[in-house]
Amino acid sequence: LRKEQKAFAFDRTIAPVLTIDSGDTVTFETGDFAYERLSKGEAVEAIGLENFNAVTGPVYVNGAVPGDALRVEVLDVQVRRAWSVWLPGFGGLGAHTTSTRVREIPLRDGRAHISESVSTPIRPMIGCIGVAPAEGAGSTFMPAYPFGGNMDLREMEPGTTLFLPVQVPGARLAMGDLHAAMGAAEATWVSLEAAGHAVLRISLARGLSLNYPRLRVGSSTYCLGMGDSLASAHQVALEAAYAYLTGERGMSDFDAYAYLSACVDMRLGGPATSIVMAGVPDP
């Protein structure tokens, strides 16, 4: 799919740009038009924050129905151009600048060169990915939702598998907002925003009924929780991890409690919503 095949919402009324079967592999190209416009002096207000996270798609998956989950395997992510953008009043450090500041970040030799003396390894990942909601439209910018969206999960890199709860027939998957590098939880609300492409294998997990997304990273399962606060999101994620162990893994209630007490890792998702992940290593 080309970057021009884009949308700015997760919405069941947006016509699919591609129809696939379970197990197909799709390459999603993404662009950086908003950051390029900023670099040329256009104001944020003229572009609109709601237009910063274009998503490529949506893709209709034959046979996907509510009650299933969409299994999305991240096979590859490549970035070709990156930007650092500092907006006044936006994010945790927005108070430290009085003007919009934009810098293109050269990518070469496996590193993102922030300046002549400062660089960091390129570690591409997907910031925004989701399916269409059953009702209304979902923003690609803020908040994130139980069906996905701008979750900004550091773990969304090659080798990870994401499970999304299907809300409508066909699921209607879309993704965008690639990053060349991002620390966990996207501390400043902006990462090294990038153009590039992601290769995803998309299939159905029949009957896997989820309330929130789930990740499989290596030998661990990450159960997501969202809420009005980090405390409530923490509780939702922990409850999901407990249900996963007692239900799908067949543990007794006390075994699951003791195992979670000993092994679970709680991590933060991105800042668009209060997101907490409970990382459960395989028993």
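The values are calculated or read from the model by the stated rules, or taken from the named source; none is laboratory data. It should be emphasised that the depicted structure is a prediction, and the values quoted were computed from it without experimental measurement. Here the Cβ positions follow ideal geometry from the backbone for every residue, glycine too, while neighbour counts run over all protein chains shown. Areas reflect the complete protein model, heavy atoms only, side chains present, ligands, DNA and RNA absent. Shrake-Rupley method; radii C 1.70, N 1.55, O 1.52, S 1.80 Å.
Mean sequence separation of contacting Cα pairs (under 8 Å, at least six apart), scaled by the length of segment 1-123, corresponds to a relative contact order of 23 percent. First obtain the Kirkwood hydrodynamic radius of segment 1-131 from its Cα pairs, then insert it into the Stokes-Einstein equation at 10 °C and 1.306 mPa s, and state the resulting D in µm² per second as a whole number. Value of D from the Cα-based Kirkwood radius: 92 µm²/s.
At 0.36 nm per residue, minus the direct Cα-Cα distance, what do D265 and T19 gain on full extension? Give it in nm, one decimal, please.
84.8 nm
What do you reckon, how do T120, T56 stack up by accessible area (1.4 Å probe), largest on top? Show your work: numbers first, answer last.
Numbers: T120 45, T56 5 Å².
So, going from the largest accessible area down, we get T120, T56.
Between M175 and T56, the built amide H atoms are under 5 Å apart, and every one of these is 5 or more places off in sequence or on another chain. Normalised Debye scattering of segment 7-67 at q = 0.24 Å⁻¹ gives log10 I(q)/I(0) of -1.03, counting only Cα atoms as equal scatterers and leaving out solvent. Around the Cα centre of the chain, unit charges on the Cβ atoms of Lys, Arg, Asp and Glu (plus for the first two, minus for the last two) sum to a dipole of about 460 debye. Packing around the peptides 36-43, 236-243, taken as the average count of other Cβ atoms within 10 Å per residue, puts them in this order, highest first: 236-243, 36-43. The HN-Hα couplings worked out from phi for segment 249-255 by the Karplus form 6.51 cos²θ - 1.76 cosθ + 1.60 (θ = phi - 60°) are 9, x, 6, 5, 4, 6, 4 Hz, whole numbers, x standing for Gly and Pro. Between M125 and H179, the built amide H atoms are under 5 Å apart, and every one of these is 5 or more places off in sequence or on another chain. For segment 64-167, the set of GluC sites (Glu not before Pro) satisfying both a DSSP loop assignment and a count of at most 10 other C-beta atoms within 10 Å is given as E116, E135. On a per residue basis, the convex hull of the C-alpha atoms belonging to segment 126-263 measures out at 132 Å³. Computed from backbone phi with θ = phi - 60° and the Karplus coefficients 6.51, -1.76 and 1.60, the 3J(HN,Hα) list for segment 154-166 is 3, 6, 7, 10, x, x, 8, 10, 9, 10, 10, x, 5 Hz; x is used for glycine and proline. Amide H of L204 versus every other amide H placed in the peptide plane: which residues, excluding those fewer than 5 positions away on the same chain, fall under 5 Å? Answer set, sorted by chain and number: G23, R71. Using a 10 angstrom cutoff on alpha carbons, build the Gaussian network for the chain and name the most mobile of A256, A198, A64. Maximum fluctuation in the GNM of the chain, among the listed residues, is at A256. Find which of V55, V17, A195 sits farthest along the positive direction of the dipole of the chain, computed with +1 on the beta-carbon of Lys and Arg, -1 on that of Asp and Glu, about the Cα centre. With unit charges placed on the Cβ atoms, the residue in question is A195.
Ordered by packing density, taken as the mean number of other Cβ atoms within 10 Å over each peptide's residues, highest first, how do 141-151, 159-169 rank? Spell out each step's value before the answer.
On the way: 141-151: 23.2, 159-169: 20.8.
Going by the mean number of other Cβ atoms within 10 Å, highest first, we get 141-151, 159-169.
In this simple spin-label model, placing a label point 7 Å from the Cα along the Cα-to-Cβ direction at both Q235 and V199 gives a separation of 4.4 nm. For segment 111-191, what percent of Cα pairs sit more than 20 Å apart? Looking at segment 111-191, the distances longer than 20 Å represent 38 percent of pairs. Highest mean packing comes first when the peptides 170-179, 16-25 are listed by Cβ atoms within 10 Å, giving 170-179, 16-25. Extension gain for S99-A137 works out to 10.5 nm (0.36 nm per residue, less the C-alpha to C-alpha distance). Figure note: H96, H113, H197 ranked by solvent-accessible area, largest first, 1.4 Å probe, ligands and nucleic acids not counted: H96, H197, H113. For R12, the solvent-accessible surface computed with a 1.4 Å probe is close to 110 Å², ligands and nucleic acids excluded.
Can you give the calculated 222 nm mean residue ellipticity of the chain, where each DSSP H run of n ≥ 4 adds -39,500 (n - 2.57) and the sum is split over every residue, rounded to the nearest 500 deg cm²/dmol? Before the final figure, lay out the partial values.
On the way: 4 runs with 36 residues, N = 283.
Rounded to the nearest 500, it is -3500 deg cm²/dmol.
Binning the C-alpha pair distances of the chain at 5 Å intervals from 0 yields a P(r) profile of 1, 6, 12, 17, 19, 16, 13, 8, 5, 2, 1, 0, 0 %, listed from the shortest bin outward.
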